[in-house]
Amino acid sequence: MIISSSSSKTREIGKKIAKKIVKNRNSIVIALFGNLGSGKTTFVKGFAKGMKIEEEITSPTFVIYKKYGGIKGKTLYHFDAYRITERELLSLGFKNIIDNRDNIIIIEWSENIKEVLPEERIDIEFKFLSEKERRLIVKDKNGIIGNIF
């Protein structure tokens, strides 16, 4: 469990997690869960910085996903599953994207596409604690990851 006390802290958490993941893994799917305004896109902005992506990160709500080139030949795919069904997502080539070992995929609103998420993934649940504070619970298929950093 990680407590974030501000948007800048949430970005910093994303940046640290990116640096660890890019260093230690070929590819990964990160499924983000949480209510509107809980910090998911803010986290992705920090994650992108950790991958040395300089482009401005915005929510891909209306375009479904955005693709960014990052360090070490990695590509970041930023999906927003708020307005899409599992079937529509699959029709966009989602399986091919997650099967490519050079891709890192982050999905906002993952609760809407649970049936097509791969078993091998990291889940991050964002919970409101107060107006500024959020609790992030980081899990994999084996349970809560205690020391992600």
Select from the range 69-84 the residues that are among the aromatic types (Phe, Trp, Tyr) and at pLDDT 95 or above and write down the one among them that is nearest to Ser110 (Cα to Cα). Phe79
Restricting attention to the range 14-34, does a residue exist that is over 14 Å from the mean Cα position of the chain (by Cα), under 21 Å from Ile113 (Cβ atoms) and of a type in the set (A, V, I, L, M)? no
Just to verify a result, which residue in the range 30-52, among those that are at pLDDT below 95 and among the hydrophobic types (A, V, I, L, M, F, W, C), is farthest from Ile98 (Cα to Cα)? Leu36
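Any residue in the range 28-37 that is surrounded by fewer than 17 Cβ atoms within 10 Å (Cβ to Cβ), closer than 19 Å to Phe126 by Cβ and among the hydrophobic types (A, V, I, L, M, F, W, C)? Quick ask: steps written out before the conclusion?
First pass over the range 28-37, keeping only residues surrounded by fewer than 17 Cβ atoms within 10 Å (Cβ to Cβ): 35-37.
From what's left, closer than 19 Å to Phe126 by Cβ: 35-37.
Now restrict to residues that are among the hydrophobic types (A, V, I, L, M, F, W, C): 36.
Checking the range 28-37: at least one residue is surrounded by fewer than 17 Cβ atoms within 10 Å (Cβ to Cβ), closer than 19 Å to Phe126 by Cβ and among the hydrophobic types (A, V, I, L, M, F, W, C).
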Just to confirm my filter: which strands (runs of 3 or more DSSP E) fall fully inside the range 88-142 and include at least 2 residues that are closer than 18 Å to Ile64 by Cβ? 103-108
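So in the range 53-87, with the set limited to residues that are assigned to a helix (DSSP H, G or I) and over 21 Å from Val22 (Cβ atoms), which one is farthest from the chain's Cα centre (by Cα)?
At the first step, the residues of the range 53-87 found to be assigned to a helix (DSSP H, G or I) are 71-73, 86-87.
From the residues that got through so far, the ones that are over 21 Å from Val22 (Cβ atoms) too are 86-87.
On the way: Glu86: 17, Arg87: 20 Å.
The selected residue is Arg87.
Is it true that Lys114 is modelled with pLDDT of 90 or more and surrounded by 17 or more Cβ atoms within 10 Å (Cβ to Cβ)? Explain how you work it out, then say what you get.
Working: modelled with pLDDT of 90 or more: yes; surrounded by 17 or more Cβ atoms within 10 Å (Cβ to Cβ): no.
Considered against the rule, which asks whether it is modelled with pLDDT of 90 or more and surrounded by 17 or more Cβ atoms within 10 Å (Cβ to Cβ), Lys114 comes out as no.
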Residues of the range 43-52 satisfying the condition of being outside any loop (DSSP other than H, G, I, E, B) and in contact (Cβ under 8 Å) with a residue 40 or more places away in the chain: Phe43, Val44, Phe47
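The values are calculated or read from the model by the stated rules, or taken from the named source; none is laboratory data. Given the structure is predicted, the values throughout are model-derived calculations rather than measurements. Note that we place each Cβ from the backbone using ideal geometry, even for glycine, and neighbour counts take in every protein chain shown.
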